[in-house]
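Heads up, the thing below is written out as structure tokens.
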Amino acid sequence: MTDDWTAEAQAALEAGHPDEARALVDRAFREHPDDPDVRAMHAALHLAHAIRLSARARELRREAIVRRDIPYDTEFEDDPEVMRAFDGAAAAIEEVLAVDSHSEKGLMMKASLLFRRDRETGRPAALEILRQVAEGNPANRQVLYEIRKIELPCKKCGDSGFCARCRGRGSRRILGMESKCEACHGQGICLACGIL
Ligand SMILES: [Zn+2]
Ligand SMILES: [Zn+2]
């Protein structure tokens with residue numbers, strides 16, 4: 001019987017405690033590693049966790065760039081805090097893939113993170129993963145779309161991944177007033193390539 005923990009994990013999620021929900025599902029997984037419901041929930045929660053951590057890593061990097069006043073289009077080393085955030089996101093994805101090494105969502109997330117973390121080394125690595133997913137499931141349209149998106153360096157932002165208009169700040173100074181950048185809706189990322 002796995003109904004109890006399902007309800008408990010669901011309640012924790014709804015109460016806004018994803019860490020607690022994940023801990024419950026991890027425990028259920030240790031006890032029922034072959035239960036399909038447990039496996040599905042384990043994958044869904046860890047994937048959601050990875051997505052959150054990846055978004056946070058990118059946001060931390062953007063904040064660090066603004067704080068350190070790094071000029072646009074310049075090579076830079078991530079702060080230790082940003083590196084840790086990317087490591088955490090990568091570890092969360094490995095949790096998904098450790099249970100199901102063929103998880104398409106897990107593999108696509110891994111590709112996206114590799115690309116997001118470092119375009120130079122991440123682009124070929126991400127494309128290799130995405131092409132494997134596409135080969136395994138030709139009906140997956142999303143993966144073809146992502147391959148097309150990252151295949152070539154982005155012209156719009158010089159492949160920095162950040163909004164060229166506001167230089168990643170999310171806001172612009174116009175007539176002495178700080179206002180939200182309309183090109184990226186204040187997100188600071190390049191909407192052509194930075195969304196993956
Ligand atoms: Zn771009
Ligand atoms: Zn912008």
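Which loop GluC sites (Glu not before Pro) in segment 1-76, with loop taken from DSSP, have no more than 13 other Cβ atoms within 10 angstrom of their Cβ? Before the final figure, lay out each step's value.
Details: sites: E8, E14, E20, E31, E59, E63, E75; in loops: E75.
Those satisfying the criteria are E75.
One-quarter of the Cα convex hull surface for the chain, in nm²? Please list the in-between numbers first.
On the way: hull surface 51.7 nm².
It is 12.9 nm².
Taking the chain as the reference, fit the longest principal axis to its C-alpha atoms, fit the long axis of helix 141-151 to the helix C-alpha atoms, and give the angle between the two in degrees, 0 to 90, nearest 10.
Taking Cα atoms only, the helix is inclined about 40 degrees.
Ranking H32, H102 by Cβ neighbours within 10 Å, fewest first, what do you get? Each step should come with its number before you reach the end.
Numbers: H32 15, H102 11.
Starting with the residue having the fewest Cβ neighbours, the order is H102, H32.
Compute the helix-to-body angle for 18-31: its Cα long axis versus the longest principal axis of the chain, expressed 0 to 90° and rounded to tens.
Helix 18-31 sits roughly 40 degrees off the main axis of the chain.
Stokes-Einstein at 10 °C, 1.306 mPa s, Kirkwood radius from Cα pairs: D for segment 1-117 in µm² s⁻¹? Each step should come with its number before you reach the end.
Working: Rh = 15.5 Å.
Answer, rounded: 103 µm²/s.
Sequence gap at least 6, Cα distance under 8 Å: using those rules, report the relative contact order of segment 141-196 to the nearest whole percent.
34 percent
Could you tell me how far the Cα centroid of segment 29-99 sits from the Cα centroid of segment 104-181, in Å?
Using only Cα atoms to place each centre, the spacing works out to 15 Å.
Values quoted throughout were computed directly from the atomic coordinates according to the rules given, and no laboratory measurement underlies them. Because the structure is a prediction, the values reported are computed rather than measured. Virtual Cβ from ideal backbone geometry, glycine too; neighbours counted across all protein chains shown.
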